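A.B. asks: Have a look at the structure that comes next, please.
The values are calculated or read from the model by the stated rules, or taken from the named source; none is laboratory data. Just so we're clear, the structure is a prediction, and the values are computed from it rather than from any experiment. Cβ sites come from the backbone with ideal geometry, for glycine too, and all protein chains shown count toward neighbours. Just so you know, the surface numbers come from the protein's heavy atoms only, side chains and all, with ligands and any DNA or RNA stripped out. Shrake-Rupley method; radii C 1.70, N 1.55, O 1.52, S 1.80 Å.
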Amino acid sequence: MILLWLTAMVPQSKPPPCDLMTQTCSSPTSAQMTLLFFSFVLISLGAGGVRPCSLAFGADQLDRRDNPKNVRVLESFFGWYYASAAISVLIALTGIVYIQDQFGYRVGFGVPAILMLLSALVFFLASPFYLKQQASKSLLTGFVQVIIVSYKNRNLTFPLPNSTASYHQKRDSNVVAPTDKLRFLNKACIIKNPEQDIALDGSAANPWSLCTVEQVEELKALIKVLPLWSTGIIMSINLSQNSFPVLQASSMDRHLTKKFQIPAGSYGMFNIISLALWVIFYDRAILPIASKIKGKPVRIGVKLRMGIGLFLTCIAMVVSAIVENARRKEALRSGFQNNPTAVVKMSAMWLVPQFCLNGFAEAFTAIGQTEFFYSELPKSMSSIAAALFGLGLAVANVLASVVVSIIDDITSKGGKESWVSSNINKGRIDNYYWVLAILSFINLFYY
């Protein structure tokens, strides 16, 4: 953030202002571009470290698996974590953007830099109060070792049942034998020759020839959650549809009063607002009232919540298609086929329901998936559990571009107007939304 701030503060770090008289602009130098991109790289690396680990780290402070109310505590924590993240995005896209717009980027980039500095300071000052899980070694290296060693040992025969001494375990481990699921991986922890395979301290003499039961079970746990993880990708593709709603909003009446209109790019805020409001309402109203009526603690199962979220994102795409179809008909009726920037006599508030539905879908599925991963994976994999949804979101952003490119190539053949044309009045974005709705319903059945 400091480097990004410097691009606004130091005149030499950016090209000179454009000449308004001649309408000419100087291109940035390689050094200026390097500074800008390097700041983005550092921000991305920092976010990649903070986002998954802060969620797992916070859960570590509250996770007491011997406590009967532990599931409810974690559910509440994950919900409030996402609500606070949503509120912070809302502040960033309103308050911080307002500061940048009113006072320029010198102040606009300086405020987040100072906030990050204060955040880091508070984090380290509070460090003595944290419960810290010690990292042992790279989990990813362990996964690769299990795959390689199980392949090397593919011709080994399995030990007799209850032959726990034939498997290599960590010292003082409670896991003495691997499970029967994904049994072919168990060959990675079979001891062939104790004298050669085991070192004097009880560890493997060569980790690339013998793995522990724990390593095998960690990889199995990750493989087992991947099918459910993959169901969140289609939902994330739907959530990543940012450009088309902006084009739609730009061509609709965005006035709330005669003098005030909502910026076209701000309608995505309804997604964030609905997510935050649902989490607060669910945690502070629905569950307490339901528990009071039933006379016992009530909670919606994590898998049911994930399913509800996937269903809601299906409905959101159907609503998106219907609204866009109505908007396009109104534009054609008004003679705006060749004028995509013309404003039709239709309120942009018709776009709000689809954003709200996607916000509710994210509240159900994103929080549900994170809670599911955290509970299913071993405690040593808590940061991976927290990172899985973000990874799915990243994969979805790439796939969203692929889907748009495929639809563009198919629908523009023969000189036809593409469904995803930049002229939304000539294109058929409603048909594109129907494709996403169909994919979402298939994904729901897959789930």
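A.B. asks: Please find the FRET efficiency linking GLU417 to ILE87, where r is the Cβ-Cβ separation and R0 is fixed at 51 Å, and quote it to the nearest 0.05.
C.D. replies: Approximately 0.80, to the nearest 0.05.
A.B. asks: While we're on this one: Of (i) 1.19; (ii) 1.15; (iii) 0.96, which is the value of Cα Rg over 2.2 N^0.38 Å derived from the coordinates here?
C.D. replies: (i)
A.B. asks: With θ taken as phi - 60° and the coefficients 6.51, -1.76 and 1.60, list the Karplus ³J(HN,Hα) couplings across segment 331-344 in order, rounded to whole Hz; mark glycine and proline as x.
C.D. replies: 5, 5, 5, 8, x, 9, 4, 9, 10, x, 8, 5, 9, 7
A.B. asks: Tell me the angle of helix 213-239 to the major Cα principal axis of the chain, expressed in degrees between 0 and 90 and rounded to the nearest ten.
C.D. replies: The two axes meet at around 10 degrees.
A.B. asks: As a check on your grasp of the helix formula, calculate [θ] at 222 nm for the chain: sum -39500 (n - 2.57) over DSSP H runs of n ≥ 4, divide by the residue count, round to the nearest 500.
C.D. replies: Values: 15 runs with 270 residues, N = 447.
So the calculated ellipticity at 222 nm is -20500 deg cm²/dmol.
A.B. asks: Accessible area per residue for the chain in Å², computed with a 1.4 Å probe and the full protein assembly in place, what is it?
C.D. replies: 56
A.B. asks: Report the semi-axes of the equivalent ellipsoid for segment 139-211 in whole Å, largest first, where each axis is √(5λ) for an eigenvalue λ of the Cα gyration tensor.
C.D. replies: The three semi-axes for segment 139-211 are 16, 15, 13 Å.
A.B. asks: On to the next question. Going 7 Å from the Cα of ASN206 along its beta-carbon direction, which residues of segment 109-149 have the amide nitrogen within less than 16 Å of the resulting point?
C.D. replies: Only 145-149 pass the distance filter.
A.B. asks: Between ALA437, ALA85, ALA56, which gets the highest mean-square fluctuation from a Gaussian network model of the chain, Cα cutoff 10 Å?
C.D. replies: So, out of ALA437, ALA85, ALA56, the one fluctuating most is ALA85.
A.B. asks: What is the set of long-range amide H partners of ARG428 at a cut-off below 5 Å, with H atoms built 1.01 Å from backbone N?
C.D. replies: Amide H neighbours of ARG428: TRP419, VAL420, SER421.
A.B. asks: What residues have an amide H closer than 5 Å to that of ILE198, excluding those fewer than 5 places away on the same chain, when H is modeled at 1.01 Å from N in the peptide plane?
C.D. replies: ALA205
A.B. asks: Apply the Karplus curve 6.51 cos²θ - 1.76 cosθ + 1.60, θ = phi - 60°, to the phi angles in segment 284-297 and return the couplings in whole Hz, x for Gly and Pro.
C.D. replies: Using θ = phi - 60°, the values come out as 9, 10, 4, 5, x, 5, 4, 5, 5, 5, 6, x, 7, x Hz.
A.B. asks: Oh, and also: Counting only protein heavy atoms, what percent of the accessible surface of segment 214-446 is carbon or sulfur at a 1.4 Å probe?
C.D. replies: 67
A.B. asks: Measure nothing but the geometry: give the 0 to 90° angle between the long axis through the Cα atoms of 105-125 and the longest principal axis through the Cα atoms of the chain, rounded to 10°.
C.D. replies: Between the helix axis and the principal axis of the chain, the angle is about 20 degrees.
A.B. asks: At a threshold of 8 angstrom on Cα-Cα distance, excluding pairs fewer than six apart, so keeping six or more, what relative contact order does segment 253-406 reach in percent?
C.D. replies: Relative contact order here is 33 percent.
A.B. asks: In addition: FRET efficiency for TYR151 and VAL402, Cβ-Cβ distance as r, R0 = 51 Å, nearest 0.05?
C.D. replies: Between TYR151 and VAL402 the formula returns 0.95.
A.B. asks: Here's something else I'd like to know. How about the chain: what cysteines have no other cysteine beta carbon under 4.7 Å from their own?
C.D. replies: Lone cysteines by the Cβ rule: CYS53, CYS189, CYS211, CYS314, CYS356.
A.B. asks: Taking the highest mean first, how do the peptides 255-266, 376-387 order by number of other beta carbon atoms within 10 angstrom per residue?
C.D. replies: Working: 255-266: 11.8, 376-387: 19.6.
Packing proxy ranking, top to bottom: 376-387, 255-266.
A.B. asks: Spin-label point model (7 Å from Cα, Cβ direction): what's the ASP101 to GLN196 distance in nm?
C.D. replies: It is 7.2 nm.
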